[in-house]
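Inspection log for the structure reproduced underneath, given as structure tokens.
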Amino acid sequence: MQRSEGGCDLIGLEAIVKQAADRAAEAVVQPMAESSQVREFAAAKPERPVLPAKQPSGEALAQGARGQATEARRSSEGASGPAAPPVPPSKSSAPPTQAGSTPGVVAFRAIVRDESRDQILQPDEVMTLEIEIKNEGTADLHGVEVLVGGTGILTGSLPPAIAIGTVKPGEIKRTVVSKPVAGATEPVRGELLLSVRAAEPLAPAPPVKQFTMWVKPASSTAAGAPSEAEYSSKLSPAGKQPKAVVLAIGVGRFRDDQVAPVKYAGRDAEAMASALQAGAGVPADRVRVIRDGQALKQDLLEAVEEWLPGHVDAASVAYIFISGRAVVGGGTGGVALVPFDGLPSSGGRLYPLRRLQEVLARLPLKRAVVMLDLSLEPMPGADPAAGGEALWNGGGTDSQSRVMWMVGNKALQDAHAYEPAKHGLFTYALLKGLHGLADLDRDGTVVAGELCTYARGEAARVAQDHLGNGQEPLCVPAAGQGALVRRHPMAKGDNPRPVAVEKKNGAASAETAPAFPQGVGP
């Protein structure tokens, strides 16, 4: 002890005071750590107690007691530290965060398109929904789906809910649904509403996506687009061919929504069947049309490999038209048609055109004319740069002398549609050619070689000049190879060009189906 003015100071007692404080803290904390009431309170309210702003005297003692109490609480909750008998939590207690209890967070994008991209749905036009869901939370989202609502004419062909499934944190899932819209009896302004739900709560709930589109009735189709009956009624046959057969296949819609539709493929098959029947004078019972939902792989096998052989002999001519989607095998160049129930990624669900070539090569046919208007894509997993060119005719010299191949698109790309006529571009060129425009030598008959030459030139030019993306058709055998099949008569050439007639008001108009843009023609 040291005396000073006004009092005295104690010196050298710091160690003794610290030892006493530690013993006092142990005496306070040990009973607290062993108390079940304290442990239950700690489990129910894990937050640290708020201390007063001002500490009472003996601050070191209180701080030591607080630290020891925290260690006791951690021990009671199973943290590392001195072992303590496990005490089950009370019914009112719950961990601060449990799996699924935290609201999920999603980003939701949706795009709705019609084939013509004009926000107006024509009769039988396909509407496509592109949906993207991203999980921006920290836990899995289960049972995610997109709900579809709105005007019945837009939702009638769509499922009420589009399943997305489980989406992991940070994962993005995309899906595409394509369906034709039912026809309307009068113009309708329809709304499509898309919303998201999941098994877990979503916070905040993604806003509902709202889309507005006009649906036009069948009667409002663009004036001048000819029907199948008009195609056949305006054609004059190039002689009777009672033993000829016509097989027309159009697959523009598919069972699996992941397969992109091909616009007007079914309509193309109907129109070409009518035109070929009229141009060749084929009896109606020898014409077969297969389109969309009727074009399963088994249907194609039966038509090409059973029906066709059962209707031809050595005097027969076979006219075969195919429109739709096909894949090209990498390295081999083999082309395989995607049936209604097919998938580009599944070779077993495709119909290889090689089988058609083999059937035509072995049948006792006089001639065959094959017309293909196909959108081509590479086989999934194949490298287009490594031999991705399609092989169209593997039948050899004998096959070339008897079979004519008119290929509307030889490259890996979607074949163009020609909107004014509601047909595929190459198909429409064939139809116009059969109506006389392909009679290039003006001898009164459209022959196979003339038809392919005309359709190839017109489709390529219109695609480049008016659609902004080239399309290269192909004729096999090519001109100058002496193949007799190129001289095969397809139709009469008595309707060479649209004829302008003078109206009473002095204006002139064409009395034929809609022509190609100005300058197109032989």
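Pairing residues of region 141-157 that are in the same structural domain as K168 (by TED's automatic domain parsing) with residues that are part of a helix (DSSP H, G or I), at Cβ distances under 7 Å and at least 6 apart in sequence or on separate chains, gives V148/T155; G149/T155.
Residue-level analysis places A303 among those that are assigned by TED's automatic domain parsing to the domain that holds I249, within 18 Å of V403 (Cβ to Cβ) and at pLDDT 95 or above.
Yes or no, residue by residue, for (1) at pLDDT below 90; (2) assigned by TED's automatic domain parsing to the domain that holds K492; (3) touching a Leu at 6+ places or on another chain (Cβ under 8 Å); (4) of a type in the set (D, E):
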site: G334; (1), (2), (3), (4): yes, yes, yes, no
site: K366; (1), (2), (3), (4): no, yes, no, no
site: S375; (1), (2), (3), (4): no, yes, no, no
site: L391; (1), (2), (3), (4): yes, yes, no, no
site: G394; (1), (2), (3), (4): yes, yes, no, no
site: E419; (1), (2), (3), (4): yes, yes, no, yes
site: F426; (1), (2), (3), (4): no, yes, no, no
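Here is the figure for region 342-370: residues that are assigned to a helix (DSSP H, G or I) and farther than 16 Å from V327 by Cβ total 6. Each residue in region 263-289 was checked for being within 20 Å of M406 (Cα to Cα) and either in a helix (DSSP H, G or I) or not assigned by TED's automatic domain parsing to the domain that holds L430 (or both), and 16 pass. Could you tell me whether R486 is at pLDDT 70 or above, in a helix (DSSP H, G or I), more than 19 Å from A415 (Cβ to Cβ) and of a type outside the set (V, I, T)? Judged against the criteria, R486 is a match. Of all the criteria given as (1) crowded, with 17+ Cβ neighbours inside 10 Å; (2) part of a strand (DSSP E or B); (3) more than 22 Å from the chain's Cα centre (by Cα); (4) not β-branched (V, I, T), the one not satisfied by A139 is (2).
Residues in region 153-203 that are polar (S, T, N, Q) and under 30 Å from T102 (Cβ atoms) were compared, and the one that is modelled with the lowest pLDDT is T175. Quick check on A203: is it more than 21 Å from R253 (Cα to Cα), assigned by TED's automatic domain parsing to the domain that holds Q119, surrounded by 14 or more Cβ atoms within 10 Å (Cβ to Cβ) and touching a residue at least 60 places away in the same chain (Cβ under 8 Å)? In short, no. Cβ separations smaller than 7 Å between residues 6+ apart or across chains give the following pairs from region 450-479 residues that are without any contact (Cβ under 8 Å) to a residue 60 or more places away in the chain to residues that are part of a helix (DSSP H, G or I) and of a type in the set (S, T, Y): A479/T453.
The residues in region 338-355 that are surrounded by fewer than 22 Cβ atoms within 10 Å (Cβ to Cβ) and either more than 19 Å from the chain's Cα centre (by Cα) or under 21 Å from A448 (Cα atoms) (or both) can be counted, and the count is 4. In summary, strands (runs of 3 or more DSSP E) completely within region 154-201 and bearing 1 or more residues that are out of contact with any helix residue (DSSP H, G or I) (no Cβ under 8 Å at 6 or more places or on another chain) and farther than 20 Å from V106 by Cα occur at 172-180, 188-197. Against the test of being assigned by TED's automatic domain parsing to the domain that holds G293, charged (D, E, K, R), in contact (Cβ under 8 Å) with a residue 24 or more places away in the chain and more than 18 Å from L391 (Cα to Cα), the options R349, R362 yield a single qualifying residue, R349. Return yes when A184 is surrounded by fewer than 14 Cβ atoms within 10 Å (Cβ to Cβ) and out of contact with any Ser or Thr (no Cβ under 7 Å at 6 or more places or on another chain) and no when it is not. Criteria not met by A184. With respect to I164, is the statement that it is touching a residue at least 12 places away in the same chain (Cβ under 8 Å) and surrounded by 14 or more Cβ atoms within 10 Å (Cβ to Cβ) true? Against the criterion (touching a residue at least 12 places away in the same chain (Cβ under 8 Å) and surrounded by 14 or more Cβ atoms within 10 Å (Cβ to Cβ)), I164 qualifies.
The values are calculated or read from the model by the stated rules, or taken from the named source; none is laboratory data. Note that the coordinates shown come from a computational prediction; the quantities given were computed from them, not determined experimentally. Using ideal geometry, Cβ is built from the backbone for each residue, glycine included, and neighbour counts are taken over all protein chains shown.
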